[in-house]
Amino acid sequence: MRFSTNELERGWLQGFKVEDLLRPDLADRWGPAGAQATTDLLIRCRDLCRAQGARFVVLMVPLKEQVYESAWEAALEYNGVRPGPAAVDRDAPNRIVRRLAAAAGIELVDVLDLLRDRAASEAFYYQVDPHLTAAGHRVVAEALADHLDKTAPVGAGRAPGRSTAK
């Protein structure tokens, strides 16, 4: 699929209605079968990692529309929708996956709140596409490394290049 410069300048959500993903009833629309399929996949990944002596940790990186109000507004404008506040829950996907992971005993690092808290100071996503910038990758990597350091099994080393002093 190719996009014109004008389309890319207006946002990456061509053909993707972000408001559908961020609805409060996402879990209901997803249904028990969707939740079970996701849980089964998470457990299978965890078990495959364990069988190889590796640790499985899910890193949940949010959509930029979840982090930046301006990106959310741009996506709504592009898609030509104006859902009321009760029709949108920008935290829904993260809350659902956190709940599924916790119920399955899966480690999960969710950086949504961290990115929101620091969003005013740095651009964590590119303007014209959904990818993290270098600053975004740095913050996400630091959060993951901090989690791994804090939850490392006894005798395990720290992440390479990280100080042993806290």
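The values are calculated or read from the model by the stated rules, or taken from the named source; none is laboratory data. Everything numeric here is computed off the predicted structure, so don't read it as measured data. No Cβ is skipped: glycine too gets one built from the backbone with ideal geometry, and neighbour counts run over all protein chains shown. Ligands, DNA and RNA are stripped out before the accessible areas are found, and what is left, the full protein with its side chains, is counted by its heavy atoms. Shrake-Rupley method; radii C 1.70, N 1.55, O 1.52, S 1.80 Å.
Here are a few things to note about the model shown:
- Residue list for region 47-81, restricted to those being out of contact with any strand residue (DSSP E or B) (no Cβ under 8 Å at 6 or more places or on another chain), open to solvent by 40 Å² or more (accessible area, probe 1.4 Å) and closer than 22 Å to ILE96 by Cβ: ASP47, GLU69
- Search result, residues across region 66-82 that are at pLDDT below 85 and either aromatic (Phe, Trp, Tyr) or closer than 13 Å to LEU26 by Cβ (or both): TRP72, TYR78
- When residues of region 105-147 are limited to those that are in a helix (DSSP H, G or I), touching a residue at least 12 places away in the same chain (Cβ under 8 Å) and open to solvent by 60 Å² or more (accessible area, probe 1.4 Å), the one farthest from GLU69 (Cα to Cα): ARG118
- Region 84-101, subset outside any helix (DSSP H, G or I) and not acidic (Asp, Glu), residue modelled with the lowest pLDDT: GLY84
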